[in-house]
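Nothing in this text is a laboratory measurement; each read-out follows from the coordinates by a stated rule. What you see is a predicted model, and the numbers here were worked out from it, not measured in a lab. We place every Cβ from the backbone using ideal geometry, glycine too, and count neighbours over all the protein chains shown.
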Amino acid sequence: MTGYARVDGSIVIERLNQTWSWNWELKSVNARGLDLRFRTPPGSEAVETIARKTISGSLARGSITANLYVRCGAEAVVPRINRTLLRDIISLQAELEAQGLTFASPPRLDVLLTIRGIIDAEEADPLGGEERTQLDAAVLIGLQTALDKLREMRVEEGIRLGEVLSEHITMIADLHDHARAQAEGQTETIKNRLRRQTDELLLASPGLTEERLAQELAILATKSDVREEIARLKAHVEACRDLLDSGGAVGRRLDFLCQELNREANTICSKASDLALTKIGLELKSTIEQFREQIQNVE
């Protein structure tokens, strides 16, 4: 589920006569599970811990990026790169290479920046104690507001997505009806095939007993009969409709049902005794795949 929310706020620390402002940016994109990524300024560790629990308790699916920016007056809490340490690390690698050591690849900046101590922060006016508690409380209230806005956007997308999924289910149901009608009309074709296969069995094994012949015919008839698959297909379609109507987090259950729908479509294709039923089975597979792709966006 995709979405975006931004909330700005501020708080006056009266004892210090300072105004601290902050803003949250929440971004959500599709993902199979829940993946949380935070970018918060130094001093906000307690906020991030609570924010993770808050978002995890509210959302079940999606890749969520949460950015928090904090500033005192006009001065923001900005990152500072320890260039001296960075140069020392690069020089060390060059020195080791000169001594004969080899490395898999040249030093990459994105990797170097993850080394502890390379990036720290210059805080405009660090807070502590009671003032930090006041700021954190205001920031967390703002997070809840941003999270509510994000959820509203995701709900709106979910409504539109539900309409698309309903259309796909209707298409699958229509194809099921075509498959059932085609299967009912191919009785004579199946009989002719069984007669031909019976003749082939008797020709290949003249001494075949009636009991063994009956067993072989039963196996052949089962391989040609798609009524069970069509019945299960209908049951899965009804289960999908029930889930869409129930609301809540249904993405994983719909994904499982989609696998079952595809299983039945595959079997119908393999058992089909005429080209028309095969075409219906292939169209079923295509529509189910489109349905499955959309399900990946459902929480």
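Below is a table of values for the structure above.
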read-out: Rounded if a/c under 1.5, otherwise prolate or oblate - segment 1-83, Cα gyration tensor axes; value: prolate
read-out: Kirkwood hydrodynamic radius (C-alpha pairs) into Stokes-Einstein, segment 80-120, 10 °C and 1.306 mPa s, D in µm²/s; value: 146
read-out: Sparse-neighbour loop sites [GluC sites (Glu not before Pro); segment 2-104; at most 11 other C-beta within 10 Å; DSSP]; value: Glu14
read-out: Net charge, Arg252 excluded, C-beta distance under 13 Å - Lys, Arg +1, Asp, Glu -1; value: +2
read-out: Neighbour net charge for Gly281 - beta-carbon separation under 10 angstrom, K R +1, D E -1; value: 0
